[in-house]
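Enquirer: Quick one: the structure is below, and I'll ask about it shortly.
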Number of protein chains: 2
Amino acid sequence: MFEHLETPRLILDRGRLQRNAGRLLERAREKKVALRPHLKTAKSVDVALLAKDGERSGITVSTLKEAEHFAAHGFSDILYAVGISANKFDRVRAIAERWGEAPLLITDDPGTARQAAAYAETHRCTFDFLVEVDCGEHRGGLPVGSDKIVETARILAQSPGTRLRGVMSHAGHSYATKLREEVAKVAEAERRAAVDSAAMLAEAGFACEIVSVGSTPTVLFAESLDGVTEVRCGIYLFWDLAQYSRDVCSLDDIALSVLSCVIGHNRQGSAIVLDAGALALSRDLGANTHRDDVKYGYVCDAMTLERIGGLSFDVVHQEHGTVTVSDPAVFERLPVGSMVRVLPNHACLTAAPYDSYTVIEDGRTLGEWDRISGW
Amino acid sequence: MFEHLETPRLILDRGRLQRNAGRLLERAREKKVALRPHLKTAKSVDVALLAKDGERSGITVSTLKEAEHFAAHGFSDILYAVGISANKFDRVRAIAERWGEAPLLITDDPGTARQAAAYAETHRCTFDFLVEVDCGEHRGGLPVGSDKIVETARILAQSPGTRLRGVMSHAGHSYATKLREEVAKVAEAERRAAVDSAAMLAEAGFACEIVSVGSTPTVLFAESLDGVTEVRCGIYLFWDLAQYSRDVCSLDDIALSVLSCVIGHNRQGSAIVLDAGALALSRDLGANTHRDDVKYGYVCDAMTLERIGGLSFDVVHQEHGTVTVSDPAVFERLPVGSMVRVLPNHACLTAAPYDSYTVIEDGRTLGEWDRISGW
C-alpha cells in the first residue's frame, strides 16, 4: 500500500488512534471529570473529533495558531495552555471578534493579569483566565500557598474585562519516572496543587468553576481526582517510544510512524541511508533515558510495523538518516528503494513539521488528514 | 523595535547576512570555482538572491519542495543533494514539465540509476545526474575507487533518458573537529574523492563537466580546490553557535536569532520561563560537543544581541523554555513581558518550522521575507 507514496511521510493508524482516544474517554467518564484533550501533538480537526467523540468543545492548544484553526472549524471552549503575554493580546482579541469567543488564557503573574485587565477594558473585550499553579515541575505556575495566587485571582475577578474561571496545574515531571507508584505520587501532588489553590481562592471569596490538571501519565495513574473538574492530556492519542520507554503504553498502541525510503547502502560504513532525518523525525532523544536502544526511533517493516532485526535509527542529518547494520542480511532485506516505517522517539516533535497525515486502517490507505504547524 | 511583535519569531539581520554571503562569493572567486550555495537552511528566495549576488541559477536544495519553490521563482540549475529514489521520479518529472528543467539529481546506486533510466525512457523525459562519492563521512556515496562508480556512470551516460553530468562528495565529518589543520585534511580528502573519481570516469570514457564538493568548513579552509568546478555550502549565510563552537565564525557573524517573550518568573525553581521551546529553537544540542555552555542557545539582549549575564537556554518543552537564573537581579532585568533574542545552537533546525523571517538592519525592521518548510 506504500510503494508509490512519496517520502518522508507521516502515517497515522486510525484504528489505533480510535482505541487510544476511547481509553481516555472511558477513563474520564469513570473518574467523573471532563476530558480536555491537548491537541498540540495532533494539530488536526479530524483527530480532535475522535478525541472528543464528535463534540466540538473543550480542548487544549499550545499556540494561538491552533486556537484559530480549531475556532475556524467550529470549536469553542479552547484553552491556550501557555502563559499569555501582552504582545499576544491583539491576536487573542481578534479570535474573539472573528469567532465569538477568546481562548481561555492562563497566567501566573499579577503584572500580566493587570495588563490583561487594562487591555480588555480599553478594547471592550473579555478575557477569561485560569491561574497557573506549580505542582513541582518548576516550569510555569505560582507556588502552592503563594499570596500571589489570591492577588492574581483578585485582579482577574474584579476587573470588568477579565474573568477568573479557575486554576490549573501540570505535572510535566511525571515523565521523569517509570515507576507507577511514583507517577501516582506526582499525580496526587498535581491534584493537591490545583484543588488546594481552588480552596484557598474560595476562602478569599473567589469561586473556581474549573479545576484543571493533567499529563497523560498522571491522568492514567492518579488514584484520586477528587475536586478536579477536568483533565488535560495529549500524547495518549498517538503514543510514542518515549511513553513506551516508561511502560505507559505498548508498542502496539503507537499510532504514529514515519514512512521512509532507503536511498542508499553505505556498506563501507555498515549503514543504510534513509530519506528521513532531523526534520522528518526530530532530534528528540528523550526516550533513551529509560530505554537506550531507541535512538531516534525503531526501524520497522512498512506493512506489519514489526521492528526489523533490532534496528534503531542512529544518526540524523537534516534530510538524511543512517541506520547502523551489523548483519549484512539487512542489506538484502532492505534494498535501495524499499520502504520502512519508523516508530518515533517523541511523537509531538516528529509530527510538528508535516502538513498532513496519511491515514491507514486495516492495511488500507484512507486518505489525507490536514494538520497545521508553526505559529 | 520589537515591543509589539508577536513571539516566537525568527529574526534575520540583513547586514550580517550580506557580509556572510559576500565572504563566500569572494572565496569562490579567489579559488576560481563556482559557488552553488545550499539553501536548505534559508529556504528563501530573498536569501538565495543575496547568496548568488542576484543570479537565479546554480543552487543546492535538500527537498523537492525547495526545488519547486526556487523553480517557481525563476531559478534554474538546481541540485537536489539527497540521493534520489524511484518514488520521487514523478515529482521530479513534474518539475521539468512545469518549469522546463528537472533538478540535477544524485545517486550512489547502480540499481537506482537503472530505474531512473527506464523511467525517463518510458516517460520521455531527461534526468541529469551526479554520482555521489563517500569521502569518509559514511553517509551517502560510493567508496573512492569502487567499480560501482563506473558502473553507475555508464548506465547514466549510455541511457537515452539520463545524462551523467559529473561527481560530488560532501565532507559532513568536517564538523567533528575544531582544529583547522584537521579541517584542511578533511577538505583535501573531500577534494581527492571527487577529483579522483572524475579522473577514474574520464579514463573509462565518461567526462565529468561538474566536480562538486563542499561543506562550509571545508570550503573555507581547503588549501587546494584544484580540479573542483564548484563548491556547495550553506550555514555560512546565517552561522550559529554550532559553528561558533568550532571557531569557524564569531558571535558577531551570526545573522539568525529567535525573538522570545518572558512569560513567567518561576522564582521557586530559579527559572525564567519563555515562549520559545523545542519547536521554536529545535532540540539540537550539537554545539555542546565543543562548547558545553551553549545548551539550546545563548540568551541575549533583544536590541544589542549581547549575551545577558552568561545565560543559556537550559530546558525546552514543546512551546515553553526555561532559563536557569542564579543571580536574582536577572528577574529585575527581564520582567515578565520583556523580550530577549536567542542565538541558536543549530540554525538549520531552528529556522525550519517558521513561515518567514522578520528582517532587521541597523536597528530597524525592514519587513518579512517568506520561507518554506516541510516536504
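The values are calculated or read from the model by the stated rules, or taken from the named source; none is laboratory data. Keep in mind the model is a prediction, meaning the values are calculated, not measured. With ideal geometry, Cβ positions are generated from the backbone for all residues, glycine too; neighbour counts draw on all protein chains shown. The protein model used for the area step is the full one, side chains on, heavy atoms only, and it has no ligands, DNA or RNA in it. Shrake-Rupley method; radii C 1.70, N 1.55, O 1.52, S 1.80 Å.
Enquirer: Normalised by the residues of chain A, what does the relative contact order come to in percent, with Cα pairs under 8 Å and at least six apart? If you can, show how the numbers build up before the last one.
Expert: Working: 841 pairs, mean separation 70.9, N = 375.
Relative CO of chain A lands at 19 percent.
Enquirer: Another one. Kindly express, to the nearest 10 degrees and within the range 0 to 90, the angle between helix B:147-158's C-alpha long axis and the longest C-alpha principal axis of chain B.
Expert: Rounded to the nearest ten degrees, it is 70.
Enquirer: Whole-Hz ³J(HN,Hα) for each residue in the stretch B:282-296, computed from phi via Karplus 6.51 cos²θ - 1.76 cosθ + 1.60 with θ = phi - 60°, x for glycine and proline: what do you get?
Expert: 5, 9, 6, 10, x, 4, 5, 4, 9, 8, 7, 8, 6, 6, 8
Enquirer: Going by Cα centres, the stretch B:256-284 and the stretch A:143-166 are how many Å apart?
Expert: That distance is 24 Å.
Enquirer: Hey, what did the stretch B:221-356 get for relative contact order, percent, Cα under 8 Å, at least 6 apart? Mind showing how you got there, number by number?
Expert: On the way: 261 pairs, mean separation 42.0, N = 136.
31 percent.
Enquirer: Using only DSSP helix segments of four residues or longer, with each worth -39500 (n - 2.57), what per-residue ellipticity at 222 nm results for chain A after dividing by its residue count and rounding to 500? Write down the numbers at each step before the final one.
Expert: Numbers: 12 runs with 120 residues, N = 375.
Helix-only estimate at 222 nm: -9500 deg cm²/dmol.
Enquirer: Continuing with the same structure: Starting from the Cα of residue B:291, step 7 Å along the direction of its Cβ; do the same at residue A:72; then give the gap between the two resulting points in nm.
Expert: Each label point is offset 7 Å from its Cα along the Cβ direction, giving 4.0 nm.
Enquirer: Once neighbouring chains are kept in place and the probe is 1.4 Å, which whole percent of the accessible area of chain A is contributed by carbon and sulfur?
Expert: Numbers: 6150 of 13140 Å².
About 47 percent, which is the carbon plus sulfur part of the accessible surface.
Enquirer: May I ask which of B:40/B:88; A:52/B:43; B:88/B:148; A:40/B:52; A:43/A:178 have a Cα-Cα span longer than 29 Å here?
Expert: Numbers: B:40/B:88 18 Å; A:52/B:43 37 Å; B:88/B:148 23 Å; A:40/B:52 39 Å; A:43/A:178 27 Å.
Over 29 Å Cα-Cα: A:52/B:43; A:40/B:52.
Enquirer: For the Cα atoms of chain B, what angle does the longest principal axis make with the long axis of helix B:180-203, in degrees from 0 to 90, nearest 10?
Expert: The answer is roughly 20 degrees.
Enquirer: Highest mean first, what order results for B:3-16, A:39-52 on Cβ atoms within 10 Å? Working shown, then result.
Expert: Working: B:3-16: 19.0, A:39-52: 22.9.
The most tightly packed comes first, giving A:39-52, B:3-16.
Enquirer: Residues with amide H under 5 Å of residue B:233's amide H, sequence separation 5 or more or different chain, H placed in the peptide plane at 1.01 Å from N; which?
Expert: Those qualifying (amide H under 5 Å, at least 5 residues apart or on another chain) are B:36, B:38.
Enquirer: Shortest first and in nm with one decimal, please list how far the residue A:337 label point sits from its counterparts in the other copies (point 7 Å along Cα→Cβ).
Expert: Sorted ascending, the copy-to-copy spacings read 6.3 nm.
Enquirer: If Rh is defined by the Kirkwood formula over all Cα pairs and Rg also comes from Cα, what ratio Rg/Rh do you get for the stretch A:87-176? Provide the component values of the computation, followed by the final result.
Expert: On the way: Rg = 13.7 Å, Rh = 13.5 Å.
When Rh is taken as the Kirkwood radius, the ratio is 1.01.
Enquirer: Over the stretch B:1-155, what is the mean sequence separation of C-alpha contacts under 8 Å (at least six apart), divided by residue count, expressed as relative contact order in percent?
Expert: Values: 193 pairs, mean separation 21.1, N = 155.
The normalised contact order for the stretch B:1-155 reaches 14 percent.
Enquirer: Quick one, what does Rg over Rh come out to for the stretch B:200-270 if you take C-alpha atoms and the Kirkwood Rh? Don't jump to the answer; show the numbers that get you there.
Expert: On the way: Rg = 20.9 Å, Rh = 16.0 Å.
Rounded to two decimals, Rg over Rh is 1.31.
Enquirer: Turning to a different aspect of this structure: Identify, for chain B, the residue whose C-beta comes nearest the rotation axis onto chain A, and round that distance to whole Å.
Expert: Spelled out, residue of B and its Cβ distance from the axis onto A: B:283, 2.
Enquirer: Starting from the stretch A:220-314, pick out the GluC sites (Glu not before Pro) whose DSSP state is loop and whose Cβ has at most 12 other Cβ atoms within 10 Å. Present the calculation step by step, with values, prior to reporting the outcome.
Expert: On the way: sites: A:223, A:230, A:306; in loops: A:223, A:306.
Passing sites in the stretch A:220-314 are A:223, A:306.
Enquirer: Shielding of A:334-340 by partners, i.e. mean partner chain Cβ atoms within 10 Å per residue? All intermediate terms of the calculation are to be shown ahead of the outcome.
Expert: Values: counts 0, 2, 10, 7, 1, 2, 0.
Per residue, the average neighbour count from other chains is 3.
Enquirer: Indicate, rounded to the nearest 5 percent, the antiparallel portion of the DSSP beta bridges found entirely in the protein assembly as shown. Could the numbers behind the result be given before it?
Expert: Working: 62 of 120 bridges.
In the protein assembly as shown, DSSP labels about 50 percent of beta bridges as antiparallel.
Enquirer: Rank B:126, B:142, B:213 by how far each Cα sits towards the positive end of the charge dipole of the stretch B:115-227 (+1 on Lys, Arg Cβ; -1 on Asp, Glu Cβ) and give me just the farthest.
Expert: My answer, from the dipole projection, is B:126.
Enquirer: What percentages make up the Cα-Cα pair-distance distribution of the stretch A:117-269 when the bins are 5 Å wide from 0?
Expert: Per 5 Å bin, starting at 0, the Cα pair percentages come out as 2, 9, 16, 16, 14, 11, 9, 7, 6, 4, 2, 2, 1, 1, 0.
Enquirer: Here is a further query. Name the residue farthest towards the positive end of the dipole of the protein assembly as shown from the options A:245, A:269, A:199, assuming +1 on Cβ of Lys and Arg, -1 on Cβ of Asp and Glu, about the Cα centre.
Expert: A:199
Enquirer: Taking the stretch A:80-172, which trypsin sites (Lys or Arg not before Pro) meet the DSSP loop condition and have no more than 15 other C-beta atoms within 10 Å? Kindly include the intermediate steps, with their values, before the conclusion.
Expert: On the way: sites: A:88, A:91, A:93, A:98, A:114, A:124, A:139, A:148, A:154, A:163, A:165; in loops: A:124, A:139.
Qualifying residues, ordered by number: A:124.
Enquirer: What total accessible surface area, summed over both chains, is buried at the interface between chains B and A, computed with a 1.4 Å probe and given in Å² to the nearest 100?
Expert: Numbers: alone 15540 and 15520 Å², together 26310 Å².
Chains B and A together bury approximately 4800 Å².
Enquirer: A follow-up question, please. Pairing the Cα long axis of helix A:14-31 with the longest principal axis of chain A, what angle in degrees results, from 0 to 90 and rounded to the nearest 10?
Expert: 30 degrees
Enquirer: Okay, next question. Can you pull out the chymotrypsin sites (Phe, Trp or Tyr not before Pro) in the stretch B:166-254 whose DSSP state is coil and whose Cβ has at most 16 other Cβ atoms within 10 Å? Walk me through the numbers on the way to the answer.
Expert: Numbers: sites: B:175, B:206, B:221, B:236, B:238, B:239, B:244; in loops: B:206, B:238, B:239.
Listed in order of number, the matching sites amount to none.
Enquirer: What are the equivalent ellipsoid semi-axes of the stretch B:280-320, built from the alpha-carbon gyration tensor (square roots of five times its eigenvalues), in whole angstrom, biggest first? List each step's numbers first, then the result.
Expert: Values: eigenvalues 60, 41, 13 Å².
Output for the stretch B:280-320: semi-axes of 17, 14, 8 Å.
Enquirer: Find the Cα radius of gyration of the protein assembly as shown, compare it with 2.2 N^0.38 Å by division, and give the number to two decimals. It would help to have the intermediate numbers written out before the result.
Expert: Values: Rg = 26.5 Å, N = 750, 2.2 N^0.38 = 27.2 Å.
Cα Rg divided by the expected 2.2 N^0.38 Å: 0.97.
Enquirer: What do the square roots of 5 times the Cα gyration tensor eigenvalues come to for the stretch B:303-364, in whole Å, largest first, as semi-axes of the equivalent ellipsoid? Present the calculation step by step, with values, prior to reporting the outcome.
Expert: On the way: eigenvalues 99, 57, 25 Å².
Equivalent-ellipsoid dimensions as semi-axes: 22, 17, 11 Å.
Enquirer: Also, I was wondering about something else. May I ask you to report, in nm to one decimal and beginning with the shortest, the distances from residue B:31 to the same position in the other copies, taking label points 7 Å along Cα-to-Cβ?
Expert: 5.9
Enquirer: Using the Kirkwood formula over every pair of different C-alpha atoms, what hydrodynamic radius in Å results for the stretch B:30-102?
Expert: Values: mean 1/r = 0.0798 Å⁻¹.
It is 12.5 Å.
Enquirer: Using a Debye calculation, one point per C-alpha and no hydration shell, please list log10 I(q)/I(0) for the stretch B:125-181 at q = 0.13 Å⁻¹ in order.
Expert: -0.41
Enquirer: With viscosity set to 1.306 mPa s at 10 °C, what whole-number translational diffusion coefficient in µm²/s follows for the stretch A:255-367 from Stokes-Einstein and a Kirkwood radius over Cα pairs? Please list the in-between numbers first.
Expert: Numbers: Rh = 14.2 Å.
My calculation gives 112 µm²/s for D.
Enquirer: Rg and Dmax of the stretch A:235-317 over Cα atoms: what are they, in angstrom?
Expert: In order Rg, Dmax, the Cα atoms of the stretch A:235-317 give 12.9, 41 Å.
Enquirer: OK, next. From the label point of residue B:364, set 7 Å from Cα along Cα→Cβ, how far away are the matching label points in the other copies, in nm, ordered shortest to longest?
Expert: Ordered by distance, the counterparts are at 6.1 nm.
Enquirer: Further, regarding this structure: What are the extents of the Cα atoms of chain B along their three principal axes, listed from largest to smallest and rounded to whole Å?
Expert: 71, 44, 34
Enquirer: OK, next. Report the normalised scattering of the stretch B:1-144 as log10 I(q)/I(0) at q = 0.09, 0.10, 0.20 Å⁻¹, calculated by the Debye formula with identical scatterers on the alpha carbons.
Expert: -0.35, -0.43, -1.21
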